Amino acid sequence: MKVLVTGAAGFIGSTLSHALLDRGEEVTGIDNLNDYYDVRLKEARLERLRARAGFVFHKLDIVERKPMGELFAAGKFDAVMHLAAQAGVRYSIENPSAYIDANIVGFLHVLEGCRHSRVGHLVFASSSSVYGANTRLPFSEHDNVDHPVSLYAATKKANELMAHSYASLYGLPCTGLRFFTVYGPWGRPDMALFKFTEGILAGRAIPVFNRGEMVRDFTYVDDIVEGVVRVIAQPAAPAPGWSGEQPDPATSYAPWRMFNIGNNQPVKLMRYIEVLEQCLGRKAQLELLPMQPGDVPATSADTGELEKAVGYRPQTPVEIGIRRFTDWYRTYYRIAR
């Protein structure tokens, strides 16, 4: 199978690309290598991929319509895993235009490429952020998600709707995956685990929002990737018995569906920090802060539908996942124990 991975120099994209290559798939990766965070980390991820047979890389921005059209016309991809996006809830408050460009305009170019080149399955990254003001836990794909609390979340919800329109109009099989707080080796520096590790090792206070009263469905990256690989291999199909009288938000009469992909075992933030302290052998200095705009106090994924569909079942507790991250961090940044 020939798979296009957008955002291939990113955290999830690079890890997924390795997993696909391990399975013998051909992988074409694209990324614009922007400076939202340290480009050297993106280049290091990419260097490991470029050393592998079966991987081809193009430096390309999904916002560029003509080059994207040319990529799809030449590529003849069997499947697309769309991960390229402007990430981050808080940054969307500071720089909203970046989210419209990458997450709306860029996604349109992906949809158009898939449509015109007859891609067999488009899988795309949504986010747990779409649940917004919802408070009933665990979050279910069958619940309404019309109350986002950040522009980032709104763009991800828009992606879900855009994909549905293409599934309906053109029969393009589309599966959206709502990711829940992914962490692990080669992770993003703007994520909590990376920031906490950096701060603790430097002896600085780490910012803890909502004064630590947070719960997250922290999901280890290898568990995420296993689920994604399984989803890619099973294109979306119309849901039998779907009714417009009682429309299910997670499925459709068109070949379109939404899945949560998370750990299904939410962890209190203070426990997460405690495990990190144990792995680093150092105590954290906590700067307890109020809730940030656009954030939510708790996330928890109901992953029953994904388990039924592809057998997805996360295996990695935070005690193991955080240890693997800190081991990678010390090695990558050459920090002695």
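Looking at M291, V267, H121, which one has the Cα that reaches farthest to the positive end of the dipole of the chain (charges on Cβ: Lys, Arg +1; Asp, Glu -1)? So the residue furthest toward the plus end is V267. Electrostatic tally near F180: other residues with Cβ closer than 13 Å to its Cβ, Lys and Arg +1, Asp and Glu -1, net -1. The accessible surface of region 1-88, taken with every protein chain in place and a 1.4 Å probe, is 47 percent carbon and sulfur.
Angle of helix 192-202 to the longest C-alpha principal axis of the chain, folded into 0 to 90 degrees and rounded to 10: 30°.
Report, in degrees rounded to the nearest 10, the 0 to 90 angle that the Cα long axis of helix 39-50 makes with the longest principal axis of the chain. The answer is roughly 60 degrees. Taking Cβ atoms as reference points and 15 Å as the exclusive limit, the residues near K76 contribute a net charge of -1, counting Lys and Arg as +1 and Asp and Glu as -1. Charged neighbours of G29, selected by a Cβ distance under 14 Å, balance to +1 (K, R count +1; D, E count -1). Considering only alpha-carbon pairs that sit under 8 angstrom and 6 or more positions apart, the relative contact order computed for region 242-335 is 34 percent.
Candidate cross-link partners of K59 among the aspartates and glutamates, defined by an alpha-carbon separation under 18 Å and a same-chain spacing of 8 or more, comprise E26, D31, D35, D38, E43, E47, E70, D101. Only the Cβ atoms of Lys and Arg (+1) and of Asp and Glu (-1) were treated as charged; on that basis the dipole of the chain about its Cα centre amounts to roughly 820 debye.
Which entries in K42/K195; K268/K308; K157/K308 show an alpha-carbon gap greater than 19 Å? As for pairs spanning more than 19 Å Cα to Cα, those are K268/K308; K157/K308. Accessible surface for the chain, divided over its residues, is 44 Å² per residue with a 1.4 Å probe. For the chain, set up a Gaussian network in which alpha carbons nearer than 10 Å are linked by springs, and say which option among S129, S97, S140 fluctuates the most. Fluctuation is largest for S97. Taking every alpha-carbon pair under 8 Å whose residues sit at least 6 apart, the chain reaches a relative contact order of 18 percent.
How many percent of the accessible area of region 181-221 is carbon or sulfur, using a 1.4 Å probe? Carbon with sulfur: 52 percent of the solvent-accessible area. Could you state the angle between the C-alpha long axis of helix 318-332 and the longest principal axis of the C-alpha atoms of the chain, as a value from 0 to 90 degrees rounded to the nearest 10? For helix 318-332, the angle is close to 80 degrees. Packing order of peptides 81-88, 248-255, 233-240, 169-176, highest average first: 81-88, 169-176, 248-255, 233-240 (average count of other Cβ atoms within 10 Å over each peptide's residues). On region 135-179, 59 percent of the accessible area sits on carbon and sulfur atoms, based on a 1.4 Å probe. Peptide packing for 16-24, 40-48, 224-232 was compared via the average number of neighbouring C-beta atoms within 10 Å per residue; ordered from the highest value, the list is 224-232, 16-24, 40-48.
The values are calculated or read from the model by the stated rules, or taken from the named source; none is laboratory data. All values derive from a computational prediction rather than experimental measurement. Cβ atoms come from the backbone with ideal geometry, glycine included; neighbour counts cover every protein chain shown. Protein only, heavy atoms only, side chains kept; ligands, DNA and RNA dropped before computing areas. Shrake-Rupley method; radii C 1.70, N 1.55, O 1.52, S 1.80 Å.
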